Amino acid sequence: MTTTGTPSDSHLREELTSRESLAKGNFLEVRRDTVKLPDGHSATREYVVHPGAVVVIPLLDDGRVVLERQFRYPVGQVMIEFPAGKLDAGEDPLVCGQRELLEETGYRASEWARAGVMHLAVGYSTEVIHIYFARGLSLGERQLDHGEFLDVFTATPEELLGWCRDGSVTDAKTLACALWLQNTGSGAWALDWQGDSAQG
């Protein structure tokens, strides 16, 4: 398997020939691009431009994880999720993760580890979600945004994996985080933990 951007991928790549903005909201834009296909034909690609986001896997000292229940209007359901939020313009993903963890759950962490990234919906969105682990948690007051309503609760990794298996958890980022949690918990995947000197 070749890495992204190698010359051997030229037979797969599409080239932009024109771009149209279909709609622009407060933080999302919908575009329609015309592209040249590898065989020379043309096609259109409609997609959402997203600023990116961060999701945090908060680990309590007793092995439980911190989760949230939040109503998500587009799907009309209350979802079980890890704490997460969108990046502000130019914001460092770690800073975003620290801010979202505190605002949504009230927790601060003394150590952080960057796990990786996931692309949420590669067929129609540019969104990239940065995955972080947090530990050494201390609980304070939540600082929810105006109009934000969510419940915070804890669960064991085994409970979370069971909910992923039985369909109680269907949120893509939380499913990806469960994979990371399972593999770091077993020792199969290592994390590079760093002390947190950024939070006051």
Original post:
Roughly how tilted is helix 93-105, in degrees to the nearest 10 and between 0 and 90, from the longest Cα axis of the chain?
Top reply: 50 degrees
**OP:** First check a/c for segment 27-183, with a ≥ b ≥ c the square roots of the eigenvalues of its C-alpha gyration tensor; if it is under 1.5, answer rounded, and if not, answer prolate when a/b is larger than b/c or oblate otherwise.
**Re:** prolate
Original post:
Using a 1.4 Å probe, how large is the accessible area of ARG135, given in Å² and rounded to the nearest 10?
Top reply: 80 Å²
Original post:
If you roll a 1.4 Å probe over segment 101-193 with all protein chains in place, what percent of the accessible area is carbon or sulfur?
Top reply: 51 percent
Subject >> Contact order normalised by residue count of the chain, Cα under 8 Å, 6+ apart, percent >> reply: 20 percent
Original post:
Going 7 Å from the Cα of LYS86 toward and past its Cβ, which residues in segment 40-56 have a backbone nitrogen under 14 Å from where you end up?
Top reply: 48-54
Subject >> Difference of contour (0.36 nm per residue) and Cα-Cα distance, ARG142 to VAL30 >> reply: 37.0 nm
Subject >> Taking segment 34-101 and dividing mean pair separation by its residue count, relative contact order in percent (alpha carbons under 8 Å, at least six apart) >> reply: 28 percent
**OP:** Could you check how much of the accessible area of segment 1-86 is carbon and sulfur, as a whole percent, using a 1.4 Å probe?
**Re:** 52 percent
**OP:** Only helical DSSP H runs with n ≥ 4 go in: add -39500 (n - 2.57) per run for the chain, normalise by residue count and round the 222 nm mean residue ellipticity to 500 deg cm²/dmol.
**Re:** -6000 deg cm²/dmol
**OP:** Could you pull out which residues in segment 148-175 have an amide N less than 17 Å from a spot 7 Å beyond the Cα of GLN182, following the Cα-Cβ vector?
**Re:** 156-175
Original post:
Cross-link partners among aspartates and glutamates for LYS36, C-alpha distance below 17 Å, same-chain residues fewer than 8 apart left out?
Top reply: ASP9, GLU14, GLU15, GLU20, GLU46
Subject >> Angle between the chain longest axis and helix 157-166 axis [Cα atoms, degrees, rounded to 10] >> reply: 40 degrees
Original post:
Once both axes come from the Cα atoms, what is the angle between helix 172-186 and the longest principal axis of the chain, in degrees from 0 to 90, rounded to 10?
Top reply: 60 degrees
Original post:
When ligands, DNA and RNA are left out and all protein chains stay put, how many square angstrom of accessible area per residue does the chain have with a 1.4 Å probe?
Top reply: 58 Å²
**OP:** Within segment 40-78, which residues have the backbone N less than 14 Å from the label spot 7 Å out from ARG99 along Cα→beta-carbon, could you tell me?
**Re:** 51-55
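The values are calculated or read from the model by the stated rules, or taken from the named source; none is laboratory data. Predicted model only: the values in this text are computed from it and were never measured. No Cβ is skipped: glycine too gets one built from the backbone with ideal geometry, and neighbour counts run over all protein chains shown. The protein model used for the area step is the full one, side chains on, heavy atoms only, and it has no ligands, DNA or RNA in it. Shrake-Rupley method; radii C 1.70, N 1.55, O 1.52, S 1.80 Å.
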